[in-house]
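Here the structure is laid out as structure tokens; the discussion comes afterwards.
The values are calculated or read from the model by the stated rules, or taken from the named source; none is laboratory data. Source: prediction; values computed, not measured. Because the Cβ atoms are built from the backbone with ideal geometry, glycine has one as well, and the counts that use them run over all protein chains shown.
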Amino acid sequence: MTKAGDRRSKGCNNPCDVQSPSSDGHASSVSRTAPSVPHPASADTHFSSSGICPPSSGLSVLLYQPEIPPNTGNIARTCAATHTPLYLVEPLGFSISDKQLKRAGLDYWRHVRMKVFPDFDDAAREIPHSRMVYFSARASRVYIDFSYRPGDCLVFGPETRGLPEKLFASYPGAVVKIPIDSSRVRSLNLSTSVGIALFEAMRQLKAASSMRRKKTRSSGSCD
């Protein structure tokens, strides 16, 4: 039986580009260069008025050697909905053109800014981030008690193994966990964990931004 970690992505061997699934069954090119970040004014206005942290927060999500295609597809949908760049570190447990991956992402792939890296070294060098925030069941700090910063990159490990501890030692950052009752379940689904973490970080940054605006208005008022 082939293990998930051994199924290296056949769609990610070209050093120039990878193939991202699209809803019509055809692959669209995703460059390995840094993802573009232009946002139409209407999109930014929608994000701000809807109460969601705007794209200027700079949050991003990195999946280290993900194994299950539907999870990555669901995460891609979440990233599309929140203007969040998605980064994948090889080896992957599936091909980028996998049918399950396409199905989970539905027709949202055109809105996903994604890049695939051959290893974590390249990712750490090239991703624009202020800090790496690692999510691990072995952490002592709870994710909701952690203060997120604009530009944080939220890092998640493979479904069956989690993040290796060598990453924490080799790359400075913060390590947090999402608490669960481990006597009942071993772990949360990866796409669920990413959603929980990303929206908590967005909530905190939105609240901090609102507080700054209130202080600015208060300091400029006349008594």
inquiry  = Going through Ala80, Ala139 one at a time, which residue ends up being under 18 Å from Gly58 (Cα atoms) and without any contact (Cβ under 8 Å) to a residue 40 or more places away in the chain?
reply    = Ala80
ask   = Does the stretch 167-182 contain at least one residue that is modelled with pLDDT of 90 or more and touching an Asp or Glu at 6+ places or on another chain (Cβ under 7 Å)?
value = no
note = Just one listed residue, out of Tyr87, Tyr108, is touching a Lys or Arg at 6+ places or on another chain (Cβ under 7 Å), among the hydroxyl-bearing types (Ser, Thr, Tyr) and farther than 27 Å from Ile180 by Cβ, and it is Tyr108
inquiry  = Among the numbered criteria (1) without any contact (Cβ under 8 Å) to a residue 12 or more places away in the chain; (2) among the small types (Gly, Ala, Ser); (3) exposed (fewer than 12 other Cβ atoms within 10 Å of the Cβ), which one does Ala208 miss?
reply    = (3)
query = Can you tell me how many residues in the stretch 123-136 are charged (D, E, K, R) and either under 14 Å from Met202 (Cβ atoms) or touching a residue at least 24 places away in the same chain (Cβ under 8 Å) (or both)?
reply = 2
query = So which residues in the stretch 114-153 are crowded, with 16+ Cβ neighbours inside 10 Å, at pLDDT 95 or above and of a type in the set (Val, Ile, Thr), if there are any at all?
reply = Val133
message = Being at pLDDT below 75 and small (Gly, Ala, Ser): is that true of Ser60 here?
response = no
query = Does at least one position in the stretch 71-83 carry a residue that is in contact with a strand residue (DSSP E or B) (Cβ under 7 Å, 6 or more places away or on another chain) and farther than 19 Å from Leu188 by Cβ?
reply = no
key: Some residue of the stretch 183-190 being touching a residue at least 12 places away in the same chain (Cβ under 8 Å) and under 18 Å from the mean Cα position of the chain (by Cα)   = yes
query = For the stretch 184-223, which residues satisfy the criterion of being modelled with pLDDT of 75 or more and not in a helix (DSSP H, G or I)?
reply = Arg184, Val185, Arg186, Ser187, Leu188, Asn189
